[in-house]
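Below you'll find the structure, written out as structure tokens, and then a few comments.
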Amino acid sequence: MLDQTLSNQGGLKGAVKRGLSVLDEWVASGVLVDAPDSATKWHRQGREDLAPSGGLFTVGVRGRRYFVSTMLEVEPAQSAAICQALQPLSDTEMAIFWLRAHGALGGQTASEAVKGGGFERVRTLAEATSAQARAELALDGA
């Protein structure tokens, strides 16, 4: 739970502190898992395809890189395809996509929907989310 003193701080400084506090909570609760440790374990299992260069992303927290744990619950090729469809979203925006329940997925998270056979629906939603972000960027630049 977000510290009450942080929630009372306004402005950019307060927003940055609140954001970092949330990321710290995600690490502590296992929502984010250590990327180097996870990559080493998967490499030993012959899962080299989980490397960030394969399309997966990591979230930086206090100088360390983390994978979103739910993203790693599905096949690496599926996770990579969904992450690629989410470009140009930021790493944090992609993490939120993986973590939140989506109405378009019947109230499921992306990983729940993929595990239930809905990979194409999740990929299509990721593409739509990306298209919306690109349109917003274009409007901001106009």
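The values are calculated or read from the model by the stated rules, or taken from the named source; none is laboratory data. This is a predicted model, so every value here is computed, not measured. When we count neighbours, we look across all protein chains shown, and the Cβ atoms used for this are built from the backbone with ideal geometry, even at glycine. What goes into the accessible areas is simple: the full protein's heavy atoms, side chains included, and nothing from ligands, DNA or RNA. Shrake-Rupley method; radii C 1.70, N 1.55, O 1.52, S 1.80 Å.
Restricting attention to region 66-91, the residues that are open to solvent by 60 Å² or more (accessible area, probe 1.4 Å), assigned to a helix (DSSP H, G or I) and closer than 23 Å to ARG134 by Cβ total 1.
Taking residues in region 75-91 that are free of Cβ contacts under 8 Å to residues at least 60 places away in the same chain, and partners anywhere that are part of a loop (DSSP other than H, G, I, E, B) and aliphatic (A, V, I, L, M), the pairs with Cβ atoms closer than 6 Å and at least 6 places apart or on different chains are SER79/LEU56; ALA80/LEU56; CYS83/LEU56. Evaluated against (1) more than 26 Å from SER29 (Cα to Cα); (2) assigned to a helix (DSSP H, G or I), GLY117 falls short on exactly one condition, (2). Here is the figure for region 1-42: residues that are at pLDDT 55 or above and part of a helix (DSSP H, G or I) total 27.
Is it the case that region 100-109 has a residue that's in contact (Cβ under 8 Å) with a residue 40 or more places away in the chain and open to solvent by less than 20 Å² (accessible area, probe 1.4 Å)? No; the residues of region 100-109 include none that is in contact (Cβ under 8 Å) with a residue 40 or more places away in the chain and open to solvent by less than 20 Å² (accessible area, probe 1.4 Å).
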